[in-house]
Amino acid sequence: MMSEVIKEKSGFSDALKRAYATFRRIPFSTRAVGGLYFVVLIIGILWGASPADLFTRSLHFFGVWAIYALSNVPSIQSGTGPNFALPVGIVTGLMAMVLMMAAGLTGWTLLLVSALLALVFGSIFGFLYGKLMNAVKGSEMAIAPYTGFAITALFGLVWVAIPITHPRMIFFLGDGLRHQIPLDYFDANLLFARLLEFELFGVTFRTGELLVVFLACILMWLFFRTKTGIAISAVGRNPMYAKASGINVDRSRVIANTMSTAIASFGVVIYAQGFGFVQLYDFPMFFAFPAVACILVGGASGQRSKVINVLVGTFLFQGLLAIALPVFTRVLAGADVVNPIRMVIQNGVILYALSRMSKGVA
């Protein structure tokens, strides 16, 4: 009898050790932000917020941000680092949508044709950006953000000067496109979001967006099992060894950055329909930092990333930002500090993620 009790205790102890070892294998950044997410979630529930509403908000933000986070995978794998030039892809995607709206397309036709054109524009600009990254090897992290800032400012002039006269797109007085163009004018509001949408236990699943995200992730996973994908990963791990093995290092880096920019360009179509409007001018300026934070929170480093890092990190980071506003609005009712607290959480997590990346860990 005593031996059975000892064996039972020993088995329980071994199970605890295995569980603890598994927990320790989860990157610290994921554990930290995941813990903060569940703390805010519990606080919201205790203060009367609906758990279903909070999870719905989390899934919404996950669906519209995951493609942006996914665009970091090729650039990180190639050794050029996270895609801090994300605005390059965003402005090309916006250009595709603007041109198609001006051409009179509406509904699904507008979104699908814009997505295809965005991939074309993103690939062209991504190729040029990849060439730039090869020209500044060793300084990619410094050059990339300013490349994004510069192209955002350049396209600010384009939005003012572009010869479009569509009454739903231009300012009421004067020339130039509006800062924000509602997509319901073009019957393209929330089309992916409402495709096969369903509700379960009060949680709304925007199935169309989620299917696009998971399909993109599967394609990315498959790509990095092809000859080209393996070559890109080899370049990111050890460029000298890759070169000695006959891999064209510069070509692999250009392909990776072309993919990153094209994916980001496609991502803005999903983002725009998910919120119901197209935003121009300085809208893309600081999008790179939250997108990079998503994948780093998910466990990626400055040199290695996986699709699972995208899925986990985007849900935790964007989910945290999504529920922080309604939760702190309830907790701090009447106090005008909700948005500052939200910004502290957002920028604090970004700063933490970037600091971990600079150490080569997550």
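Just so you know, all these numbers are worked out from the coordinates, no wet-lab data involved. All of these numbers come straight from a predicted model, not from anything done at the bench. Don't worry about glycine lacking a Cβ; one is built from the backbone with ideal geometry, like all the others, and counts go over all protein chains shown.
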Residue with peak Gaussian network fluctuation, the chain [Cα springs, cutoff 10 Å], from Pro145, Pro290, Pro167: Pro167
Per residue, the convex hull volume that the Cα atoms of the range 31-106 enclose (Å³): 143 Å³
Cα-Cα separations in the range 196-250 greater than 14 Å, expressed as whole percent: 65 percent
For the chain: lysine pairs under 22 Å (alpha-carbon distance), excluding those fewer than 8 apart on one chain: 9
Dipole magnitude (debye, nearest 20) for the range 28-358, charges at Cβ of Lys, Arg, Asp, Glu: 1080 debye
Evaluated at q = 0.16, 0.29 Å⁻¹: base-10 log I(q)/I(0), Debye formula over Cα of the range 28-75: -0.59, -1.03
Relative contact order of the range 79-192, defined on C-alpha pairs under 8 angstrom at six or more residues apart (%): 35 percent
The range 36-166 shape via C-alpha gyration tensor axes, a/c threshold 1.5: oblate
Largest to smallest principal axis extent of the C-alpha atoms in the range 153-217, angstrom: 49, 25, 16
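Calculate the translational D of the chain in whole µm² s⁻¹ from Stokes-Einstein, where the hydrodynamic radius comes from the Kirkwood formula applied to all Cα pairs, the temperature is 37 °C and the viscosity 0.692 mPa s.
Values: Rh = 21.8 Å.
My calculation gives 151 µm²/s for D.
Using Cβ counts within 10 Å as a stand-in for footprinting exposure, how do Leu112, Leu46, Leu54 rank, fewest first?
Details: Leu112 15, Leu46 11, Leu54 20.
Placing the least packed residue first, the sequence is Leu46, Leu112, Leu54.
Taking the number of other C-beta atoms within 10 Å as the exposure measure, put Glu140, Glu209 in order starting with the fewest. Numbers along the way, then the final one.
On the way: Glu140 22, Glu209 27.
So the ranking, lowest neighbour count to highest, is Glu140, Glu209.
Once every DSSP H run of n ≥ 4 in the chain is given -39500 (n - 2.57) and the sum is divided by its residues, what mean residue ellipticity at 222 nm do you get, rounded to the nearest 500 deg cm²/dmol? Mind dumping the intermediate values first?
On the way: 15 runs with 258 residues, N = 362.
For the chain, the value works out to -24000 deg cm²/dmol.
Given a cut-off of under 8 Å on Cα pairs at least six residues apart, what relative contact order in percent is computed for the range 28-358? List each step's numbers first, then the result.
On the way: 569 pairs, mean separation 116.9, N = 331.
Relative contact order here is 35 percent.
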Least to most buried among Cys294, Cys217 (fewest other Cβ within 10 Å first): Cys217, Cys294
Cα gyration tensor, the range 98-200 - rounded (a/c under 1.5), prolate or oblate: oblate
Mean Cβ count within 10 Å, highest first, over the residues of peptides 191-199, 83-91, 278-286: 83-91, 278-286, 191-199
